[in-house]
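The structure appears below as structure tokens.
The values are calculated or read from the model by the stated rules, or taken from the named source; none is laboratory data. Since this is a predicted model, take the numbers as computed values, not measurements. Glycine gets a Cβ as well: all are built from the backbone with ideal geometry, and neighbour counts include every protein chain shown.
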Amino acid sequence: MRRTFPFIVLIVIAGGILWFFPLFHVVSLKQAQDEKTAATFNPAQFAENFWTDKLLPSLAKAVPAEKLLPAIQHDPANAKKQFAHTLGMSDSYTYFLSGTGRVIAVSDDEISLALTVGSTNDEVTLPTGLLFGNAVRDGTGLLDVNAYPNSQDFNNIAAELNHLVETRVLPGLKEHAKVGATVRFAGCAEVDDESTDLKPLHVVPIQAEVE
Amino acid sequence: MNRKELFKRLQPLIALIVMVVVLSIATGSQFLAVSNLRTILLQISVNLCLSIGMTLVILTGGIDLSVGAILAFAGAFAAGLFKNGLALSLFGVQVQFTVLGAVIAGILAGAALGLHNGLVITRLRLPPFVATLAMLCIARCFAMLWTSGHPVSALGTKFDFMGAGSFISVPMAVWISVTLAVLFQLFSKRTPLGRYIYAVGGSEKAAKFAGLNVNNVKLWVYTLAGALAGVAGLIQTARLDTAEPNAGLGYELDSIAAVVIGGTSLSGGRGSIFGTVLGCLIIGVLNNGLVLLGVSPFWQLGIKGYVIIAAVAIDNMSSRKQE
């Protein structure tokens, strides 16, 4: 009895600990599968919600192009400091801007706009082909990379947002934008580094209306 | 203990102090910055866990080349159980592991592979070098099979706490490795099994004649080394938030280097966990110092190699003088 007593005490203590801190749970395979599906990140759904709930309502906060473009031309470093968003330690940065311009050229994959009255130079281009890059995801500064431990998830968000622009914004723009038409746009421009030529500024439109 | 003996025992500590002084002068305030010292401790924590087990093995006169591969398997096993659970299709259920469950499973997986080493060495009478070399391949195979060759990542902050978290501004990995070092220093010096380890390493024949069950001692030692490699695997996995089936490549060599630099005799019977802690610190400080001094990574490997030669040569010379 003396020899077994310490073992009994030990078992009771271990049982108590495991009661409060269990080592595992047993669930049915179906429940496990459902939980896994629910926990799996769905970038398309996330992009859809982000587009509707955050991105479109934030368009009013875009920097007016007539303010941003002269600032970039006058002092790019200062303009970057004042208006750009940078993701983590990346060299690239993004601008979130809105403006109105006159279509001066239309090609297969982009529309060139002159924003200044009387100007014949393309100051902004809006792509109309396939989109790549992270301009829409990063441009508004609404998404924090640190909130996504899995970088693949974060990359997928960019791809899905580009897909939304390709399917919801670009078709109308491509169809109606003719030379001489006026385009009101809001969108994001991604700049690789400070040596990038910003004439014209390549803007991925989140919203574009042709008049 | 005479002065020569004392000097011999203090050699690793003296070497460490000299290195710290030299690097502090050479790198200005960089080396002694709290953040840098924290980084050194964090970086050596995995090697320290491996080296504690390696010290026990080497004290018995053995060697364990499989600790790096066991680290990879244990980390991957725990991460896989935690992330994906264990589906038992036959019963239509899935066992979902908590962090504690996955951690215990990882340590037990390491211990099981260590026990396998011990059984092969004691029952099949294979030399430790061969048995653990085989386990290096076997454990790596298990890690690849378990993960299908892919990393297991995004384990979450709860799992990552033991590798990336802190307690009183000291990384958890450091707390774990230092606690293990203290426990195993006491274990090796104050418990019967600890003393048997020294006895077996000193002279296996004498230990047998004295009535020790040498095979049992070896079984325990290799099992403990495997379990400690499991702990190292968990720390590494938690630190990186990823279990890589290829993790721990070459770690066994760093671990053997730390043990040897720390003054443990490769022929067994002589050395201590405390010495191994110093050995790990010397390697960690050396690695860090060379980076701070801007030495090319190619040179760093060579310098580390010569430090190992110097440590063993000095140890041999002072042993011969004593004899």
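Return the residues of the range A:74-96 that are of a type in the set (S, T, N, Q) and not in a helix (DSSP H, G or I); say none if nothing qualifies. Break it down stepwise before answering.
Step one: of the range A:74-96, the residues of a type in the set (S, T, N, Q) are A:78, A:82, A:86, A:90, A:92, A:94.
Result: A:Thr86, A:Ser90, A:Ser92, A:Thr94.
Residue-by-condition table, conditions (1) of a type in the set (Gly, Ala, Ser); (2) touching a Leu at 6+ places or on another chain (Cβ under 8 Å); (3) surrounded by fewer than 20 Cβ atoms within 10 Å (Cβ to Cβ); (4) not in a loop (DSSP other than H, G, I, E, B):
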site: B:Tyr196; (1), (2), (3), (4): no, yes, no, yes
site: B:Gly201; (1), (2), (3), (4): yes, yes, no, yes
site: B:Thr223; (1), (2), (3), (4): no, yes, no, yes
site: B:Leu234; (1), (2), (3), (4): no, no, no, yes
site: B:Leu249; (1), (2), (3), (4): no, no, yes, no
site: B:Ile256; (1), (2), (3), (4): no, no, no, yes
*Do the conditions hold for B:Ala69, that is, is it among the aliphatic types (A, V, I, L, M) and within 30 Å of B:Ser148 (Cβ to Cβ)?*
yes
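More than 14 Å from chain A (Cβ to nearest Cβ), in a helix (DSSP H, G or I) and surrounded by fewer than 24 Cβ atoms within 10 Å (Cβ to Cβ): does that describe B:Cys49? Before you say what the answer is, go through the steps one by one.
Details: more than 14 Å from chain A (Cβ to nearest Cβ): yes; in a helix (DSSP H, G or I): yes; surrounded by fewer than 24 Cβ atoms within 10 Å (Cβ to Cβ): no.
So B:Cys49 does not fit the description; no.
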_Candidate set: the range B:57-73, residues that are crowded, with 24+ Cβ neighbours inside 10 Å and either in contact with a strand residue (DSSP E or B) (Cβ under 9 Å, 6 or more places away or on another chain) or of a type outside the set (A, V, I, L, M) (or both); chosen: the one nearest to the other protein chains (Cβ to nearest Cβ)_ = B:Phe73
*Any idea which of (1) over 21 Å from B:Thr179 (Cα atoms); (2) within 13 Å of the chain's Cα centre (by Cα) is the one B:Gly226 doesn't satisfy?*
(1)
*If a residue has to be in a loop (DSSP other than H, G, I, E, B), in contact with an Asp or Glu (Cβ under 8 Å, 6 or more places away or on another chain) and surrounded by 13 or more Cβ atoms within 10 Å (Cβ to Cβ) to count, how many in the range A:113-131 make the cut?*
4
*Take the residues of the range B:81-108 that are crowded, with 17+ Cβ neighbours inside 10 Å, at the interface with chain A (Cβ under 7 Å from one of its Cβ atoms) and in contact with a Ser or Thr (Cβ under 9 Å, 6 or more places away or on another chain): which is nearest to B:Ala229 (Cα to Cα)?*
B:Gln94
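Please pick out the residue among A:Leu164, A:Leu143 that is of a type outside the set (S, T, N, Q), away from chain B (no Cβ under 14 Å) and in a helix (DSSP H, G or I). Don't jump to the end; show me each part of the working.
Numbers: A:Leu143 fails: in a helix (DSSP H, G or I).
Selected residue: A:Leu164, the only one of A:Leu164, A:Leu143 that is of a type outside the set (S, T, N, Q), away from chain B (no Cβ under 14 Å) and in a helix (DSSP H, G or I).
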*Which is touching a residue at least 60 places away in the same chain (Cβ under 8 Å), hydroxyl-bearing (Ser, Thr, Tyr) and either over 20 Å from A:Ala60 (Cβ atoms) or crowded, with 21+ Cβ neighbours inside 10 Å (or both), of A:Thr100, A:Thr94?*
A:Thr94
*Just for the range A:16-52: of the residues that are touching a strand residue (DSSP E or B) at 6+ places or on another chain (Cβ under 6 Å) and part of a helix (DSSP H, G or I), which one is modelled with the lowest pLDDT?*
A:Ala32
*Quick one: is A:Asn150 within 14 Å of chain B (Cβ to nearest Cβ), surrounded by fewer than 21 Cβ atoms within 10 Å (Cβ to Cβ) and in contact with a strand residue (DSSP E or B) (Cβ under 8 Å, 6 or more places away or on another chain)?*
yes
*Between residues in the range A:1-29 that are hydrophobic (A, V, I, L, M, F, W, C) and residues that are assigned to a loop (DSSP other than H, G, I, E, B) and loosely packed, with under 10 Cβ neighbours inside 10 Å, which pairs lie under 7 Å by C-beta distance while being six or more apart or on different chains?*
none
_Out of everything in the range B:170-194 that is crowded, with 19+ Cβ neighbours inside 10 Å and hydroxyl-bearing (Ser, Thr, Tyr), what residue ends up being nearest to B:Gly110 (Cα to Cα)?_
B:Ser177
*Report yes if some residue within the range B:128-147 is under 21 Å from B:Tyr251 (Cβ atoms) and either within 14 Å of chain A (Cβ to nearest Cβ) or of a type in the set (Lys, Arg) (or both); otherwise report no.*
yes
*Given the conditions (1) without any contact (Cβ under 8 Å) to a residue 40 or more places away in the chain; (2) among the hydrophobic types (A, V, I, L, M, F, W, C); (3) within 14 Å of chain B (Cβ to nearest Cβ), report the number of the one that A:Phe41 does not fulfil.*
(1)
